[in-house]
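Data block below; observations after.
Computed from the coordinates by the stated procedures, all read-outs in this text should not be read as laboratory data. Computed from a prediction, not measured in an experiment: that's the story for all the values here. Glycine also receives a Cβ, built like all others from the backbone with ideal geometry; neighbour counts cover every protein chain displayed.
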């Protein structure tokens, strides 16, 4: 049981600054997900916590103790790797018992712990097999089992589900989450998959270019992204971004974009007062672009449907408003047809406006 | 159907047969010469590819009139010790160059390789001085010490390639599991690199077994000679070649190498391809 604290963490590989001034506090028992595109520094951060990578500057605390210079084995952590990293010359049992044997646990206790873990993970009948005789999903379980037998203070997961097929990934996602509830241990989980991040994390850190973009619970990130990057990264299909201008007409503020003029709600408009620029980025999620009967400009705008992506429970419409491509979510029984024209009524309360200069959220 | 067989024969079996013939004919020649008498050997009227009157005279002469047994023991002694010494050093060298990635690891890797490129025909002069200073002249220990000069670079490069194929995460995982660097090396890396280590060992053994130049230079007492040197110096007397016992000796000396090869062939092949299958 441990909290993890990172302060002003930096990691440079020569000229490349992989992680920059990274601060993060992870309370005990939290499932914290680090997410971002490849090369954003999430894995490097995790490896620094593990002690596999030297720290250029900054501090890492596990349970209020600085661990900067502790070797991995003395940090009381366990890590699950993307490629599982099972020892091919050992059986599943030996793989799981390896860490305990090294720590000189009594034989009976090792046996008990391995069997308990195998029970939890449903791999009891695999204990005598070698890793090469296992399927991807089974290897994954063994890798997790090897981590949990040690009962470490912190679990580190480095994209553990990336090598599994889509169906298995969904299943393991749920299992890992259940496991976390059962073990009540701090978990730091790295992934590039925002769906994994959203579904598993108690809180999520979004990273880009070595910098922390935003930290928060999944829905906070979804509904209140700190900037355009987070807004676009979290959520699938991604948020639509439209560049345009702010115009004032008769006391109201409008967003004028390609083929559309939309009235900004008064409460949002009032927050825009200090914004010096004219140009702005308007962001709206596909589900906030429902079909609607055409109305006066300011409320709806017309689009041409280009492609339809029916998923059964919903249909995604790839549409064009003037030259701007957008994705809108429609009801499964929508009357929309490819090449047809229709009107969309954006739910303006859920829209976002981003600063054109630094892409930070304005409202 | 028939035409395809002919095509296959011309493209595949024929070249294979030629290759086999080129490789195996010397052994055949060694074998028949070993069991021919001198009279038969020099009689140009007989078919030279057959044995007409087999004799064990050469075998008896080799064992009775030379120290062949002693040479075999010497060669084993030198080859095994030199191989073990080289493997031990190369394992540590290759691992540290490949994995520890210290400041000069690249340079050291390259310099070891360059060391391998210096031909023994140049190297034996300074090495002779060193051996003399160490008072190991005319002792088998001189060879045990000198053979690693070409075995270590060779094995190090072979093993470096092999270590590269072992996923780094496996070692990192073991370190998090609680293993020290040395334990990771001993319990994870070495078992996984076993095919590579065996290949390196077989090569090292064969190279030492067949080594000629250093053995010829550093050893002069008959009882200290290795097989290749012993055969040449004792069975070529002046300009007289005792072909029979020479060939018998060569044949018998190739038996241990052949045995080592066939014993490890499975690992050996896996090692050559550097295959580490999970």
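Each of A:247, A:120, A:148 was scored by other Cβ atoms within 10 Å of its Cβ. Arranged with the fewest first, they read A:247, A:120, A:148.
Counting only DSSP H runs of at least 4 residues, each contributing -39500 (n - 2.57), and dividing by the residue count of chain B, the helix-based mean residue ellipticity at 222 nm comes to -22500 deg cm²/dmol. When you count the other C-beta atoms within 10 angstrom of each residue and take the mean per peptide, B:100-112, B:190-202 line up highest first as B:190-202, B:100-112. Here the convex hull built on the C-alpha positions of the stretch A:48-93 has a volume of 104 cubic angstrom per residue.
For chain A, relative contact order (Cα pairs under 8 Å, six or more residues apart, normalised by length) works out to 15 percent. The Cα center of the stretch B:99-128 and the Cα center of the stretch B:189-250 differ in position by 24 Å. A crude spin-label estimate for the pair residue B:84 and residue A:89, with each label 7 Å from Cα along the Cβ direction, gives 1.9 nm.
For the stretch A:174-281, dividing the convex hull volume of the Cα atoms by the residue count gives 142 Å³ per residue.
For chain A, the Stokes-Einstein estimate of translational diffusion at 20 °C and a viscosity of 1.002 mPa s comes to 93 µm²/s, using the Kirkwood hydrodynamic radius over alpha-carbon pairs. Once the C-beta distance of residue A:54 and residue A:270 is scaled by a Förster radius of 51 Å, the resulting FRET efficiency is 0.55 to the nearest 0.05.
Computed extension length for residue A:360-residue A:287: 24.1 nm, one decimal, from 0.36 nm per residue of separation with the Cα-Cα distance subtracted. Highest GNM mean-square fluctuation among A:276, A:37, A:258, for chain A modelled with Cα contacts below 10 Å: A:276.
Here r is the Cβ-Cβ distance between residue B:50 and residue B:14 and R0 is 22 Å; the resulting FRET efficiency, rounded to 0.05, is 0.30. Listed by Cβ neighbour count within 10 Å, with the fewest neighbours leading, A:142, B:236 appear as B:236, A:142. Placing pseudo-labels 7 Å out from each Cα toward the beta carbon at residue A:182 and residue B:110 gives an inter-label distance of 5.4 nm.
The alpha-carbon atoms of the stretch A:240-355 define a convex hull whose volume equals 92 cubic angstrom per residue.
Looking at the protein assembly as shown, the DSSP beta bridges with both ends there are about 75 percent antiparallel. On full extension, the segment bounded by residue A:166 and residue A:277 gains 35.5 nm, given 0.36 nm per residue less the C-alpha separation.
Between 0 and 90 degrees, the angle of helix A:136-148 with respect to the longest Cα principal axis of chain A falls at about 70 degrees.
Per residue of peptide A:92-101, the mean number of Cβ atoms on other chains within 10 Å of the residue Cβ is 2. Between residue B:165 and residue A:21, the modelled label-to-label distance comes to 4.8 nm, taking each label 7 Å out from Cα in the direction of the beta carbon.
Label zone of residue B:63 (point 7 Å out along Cα→Cβ, amide N under 19 Å): in the stretch B:233-251 this covers B:235, B:244-251. Evaluated at 25 °C with a viscosity of 0.890 mPa s, what Stokes-Einstein diffusion coefficient in µm²/s does the protein assembly as shown have when Rh comes from the Kirkwood expression over alpha-carbon pairs? In µm²/s, the coefficient is 78. Its convex hull of Cα atoms gives the stretch A:12-120 a direction-averaged projected area, equal to a quarter of the hull surface, of 9.1 nm². For chain B, the equivalent ellipsoid derived from the alpha-carbon gyration tensor has semi-axes of 40, 29, 15 Å in decreasing order. The spacing between the stretch A:322-344 and the stretch B:1-44, judged by their C-alpha centroids, is 79 Å. Compared with the dominant principal axis of the Cα atoms in chain B, helix B:168-177 is inclined by about 60°.
Could you work out which residue, out of A:48, A:32, A:348, moves most in a Gaussian network model of chain A, that is, has the largest mean-square fluctuation with Cα springs under 10 Å? So, out of A:48, A:32, A:348, the one fluctuating most is A:348.
Relative to the longest principal axis of the Cα atoms of chain B, the long axis of helix B:194-210 lies at roughly 40 degrees. The fewest-to-most ranking of A:333, A:224, A:180 by surrounding Cβ atoms within 10 Å reads A:333, A:224, A:180.
Given a cut-off of under 8 Å on Cα pairs at least six residues apart, what relative contact order in percent is computed for the stretch B:65-273? Worked out over the stretch B:65-273, it gives 34 percent. Computing FRET efficiency as 1/(1 + (r/R0)^6) for residue A:247 and residue A:295, where r is the C-beta to C-beta distance and R0 is 30 Å, gives about 0.95.
Rg and Dmax of the stretch A:130-176, based on Cα coordinates, read 11.1, 31 Å. Distance from the C-alpha centroid of the stretch A:60-88 to that of the stretch A:271-320: 46 Å, rounded to the whole angstrom.
Shielding value for A:58-66 is 0, the average number of Cβ atoms from other chains within 10 Å of each residue's Cβ. For peptide A:80-88, the mean count of partner chain Cβ atoms within 10 Å of a residue's Cβ comes to 6.
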